[in-house]
Each structure stands twice: as structure tokens, then as C-alpha cells.
Amino acid sequence: MDIGMETMQSKHNVDSMAKGIVSKSTQLKWEKNDKVLVCGAVAEAITPVLKSLRFNQAEVLSPMLKRDHDIVATKPLFANAVGFYTIGRAIYG
């Protein structure tokens with residue numbers, strides 16, 4: 001989707017962001033019972049709003065960080081960092 005908290009006039013308005021997500025995803029034919037995984041800095045705040053507006057299967061995604069000898073769940077805030085770290089490890093070892 002081409003929307004995110006950085007595209008909002010008020011970066012703290014999760015209600016407005018949730019409405020934008022519902023609007024865009026409805027255009028994409030997402031169903032209300034589709035599983036929606038939410039990550040990023042506002043994931044924990046926006047997920048209940050998404051559930052109340054349309055997506056009753058919405059849940060917060062906790063990115064999994066694979067370290068040398070274990071795997072740990074991280075906060076949704078670190079989703080991009082974990083993704084880029086994982087890509088970097090795959091490319092550069």
C-alpha cells in the first residue's frame with residue numbers, strides 16, 4: 001500500500017490511518033475475515049482499531065530475529081530492521 005504513518009498529517013492519528021488501510025484494502029478485495037498481520041511502530045495501537053473497523057482477524061506481527069544460536073521475537077517496531085538485517089546476513093554472511 002502507498003500509505004503509512006509518515007504519509008499522515010498527524011503521525012499520531014491511528015484512527016485515520018486505520019480508516020485509510022481499510023479503504024485501500026477494501027479496494028483490493030480483502031475480506032473482513034482475511035488474516036491481516038500488522039507490524040511497525042504503531043502496530044500495537046492500530047490493530048484494535050482495524051479489528052473494530054473491519055478485520056476481526058488482524059493481529060500484531062512480532063518479527064523473529066535469528067541469531068547465531070537462537071531465535072528471538074522482537075517488538076513490531078523493529079520489523080524493517082529485522083528484515084534488512086536478515087537480508088544482510090543472507091548476502092554477506
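The values are calculated or read from the model by the stated rules, or taken from the named source; none is laboratory data. In this text, all values refer to a predicted model and were calculated from it rather than measured experimentally. A quick note on method: Cβ atoms are made from the backbone with ideal geometry, for glycine too, and the neighbour counts reach across all protein chains shown. These accessible areas exclude ligands, DNA and RNA; they are computed on the full protein's heavy atoms, side chains included. Shrake-Rupley method; radii C 1.70, N 1.55, O 1.52, S 1.80 Å.
List of remarks:
- Residue count for segment 69-93 satisfying the condition of being over 16 Å from residue 39 (Cα atoms) and in contact with a Ser or Thr (Cβ under 7 Å, 6 or more places away or on another chain): 0.
- The residue that is farthest from residue 32 (Cα to Cα), counting only those in segment 53-68 that are open to solvent by less than 100 Å² (accessible area, probe 1.4 Å) and in a loop (DSSP other than H, G, I, E, B), is 63.
- Unmet requirement for residue 88, which otherwise passes all of (1) free of Cβ contacts under 8 Å to residues at least 24 places away in the same chain; (2) surrounded by 14 or more Cβ atoms within 10 Å (Cβ to Cβ): (2)
- Search result, residues across segment 7-21 that are among the aliphatic types (A, V, I, L, M) and at pLDDT below 85: 8
- Of the numbered criteria (1) part of a helix (DSSP H, G or I); (2) more than 13 Å from the chain's Cα centre (by Cα), the one residue 45 fails is (2).
- Test: residue in segment 24-31 that is part of a helix (DSSP H, G or I), of a type in the set (A, V, I, L, M) and surrounded by fewer than 15 Cβ atoms within 10 Å (Cβ to Cβ): no
- Matching residues, segment 35-52, being open to solvent by 20 Å² or more (accessible area, probe 1.4 Å) and among the hydroxyl-bearing types (Ser, Thr, Tyr): 52
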